[in-house]
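Here is the structure we will look at, set down as structure tokens.
The values are calculated or read from the model by the stated rules, or taken from the named source; none is laboratory data. Bear in mind the structure is a predicted one, so any value in this text is a computation, not a measurement. For neighbour counting, all protein chains shown are included, and Cβ atoms are generated from backbone atoms with ideal geometry for every residue, glycine included.
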Amino acid sequence: MSKKKDNFKIIEDHIWKLKEKAIKEFHLDETSLDIDIYYNLNSIRVLGMFVVKDGVKSFRFNKKVIVAAGEKKYLDVVTHEFAHLVVYEKYFQAAPHGKEWQKVMQIFGAAETSYKTTSLSKYLKKAYSDKLKKIKCKCHKGKYTLGIVKADNLLKRNAKCVKCGSKFKEVH
Ligand SMILES: [Zn+2]
Ligand SMILES: [Zn+2]
């Protein structure tokens, strides 16, 4: 591992543990699991990413969400992304969250509830509360948290809910 800062020790330790497990369980060699770690993901939608660009692999983690959620809770995201790395090395071509990926998650002991990291989306909202706006319609089935620009666009053009036909309003 290179080009990393040491400020998230719990996350880095977790990655080491996953590495050891991947070497043992999937017979991958250590160098194939070498990966750069960046904490520069800044997205109101994405919790983490596994990226391969020009043959260089990296994890991109969202520092704001780590701070909002706490490192320990963020480990679900780390396991999720690490499983993508294992699938990439072991199978190369496989559906992003297909059966190979699910099997890796299973062997990593990830709880099935963490396969979709929706439980962490509340931290995304917390971390980016200044960049998000909530809107709702009359039927209340549609209560949406959107980026401010998108929400404002919908409000400005008086967009209507497809279910109840009422205009969206901002929720305070
Ligand atoms: Zn994924
Ligand atoms: Zn509605």
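For the reader, a short list of remarks on this structure follows.
- Test: K138 is in contact with a strand residue (DSSP E or B) (Cβ under 6 Å, 6 or more places away or on another chain), over 19 Å from K19 (Cβ atoms) and within 16 Å of ligand 2 (Cβ to nearest atom): no
- Residue among K136, K116 that is away from ligand 1 (no atom under 16 Å from the Cβ) and either of a type in the set (A, V, I, L, M, F, W, C) or more than 20 Å from E25 (Cα to Cα) (or both): K136
- Helices (runs of 4 or more DSSP H) wholly inside segment 1-112 that include at least 3 residues being more than 30 Å from K131 (Cβ to Cβ): 9-26, 71-90, 99-107
- Members of segment 44-57 found to be touching a residue at least 12 places away in the same chain (Cβ under 8 Å) and either surrounded by fewer than 16 Cβ atoms within 10 Å (Cβ to Cβ) or of a type in the set (A, V, I, L, M, F, W, C) (or both), listed by number: I44, R45, V46, L47, M49, F50, V52, V56
- Meets criteria (surrounded by 14 or more Cβ atoms within 10 Å (Cβ to Cβ), assigned by TED's automatic domain parsing to the domain that holds I66 and assigned to a helix (DSSP H, G or I)) for L155: no
- For segment 105-139, filtering for residues that are without any contact (Cβ under 8 Å) to a residue 60 or more places away in the chain, farther than 24 Å from N42 by Cα and surrounded by 12 or more Cβ atoms within 10 Å (Cβ to Cβ) leaves 7.
- Among residues of segment 125-147, those that are more than 18 Å from K167 (Cα to Cα) and modelled with pLDDT of 90 or more, counted: 2
- Flag for G48 being away from ligand 1 (no atom under 16 Å from the Cβ) and in contact with a helix residue (DSSP H, G or I) (Cβ under 9 Å, 6 or more places away or on another chain): no
- Verdict on K72 being exposed (fewer than 15 other Cβ atoms within 10 Å of the Cβ), under 26 Å from I15 (Cα atoms), in the same structural domain as H14 (by TED's automatic domain parsing) and within 13 Å of ligand 1 (Cβ to nearest atom): no
- The single residue among S121, S166 that is under 18 Å from the mean Cα position of the chain (by Cα) and hydroxyl-bearing (S, T, Y) turns out to be S121.
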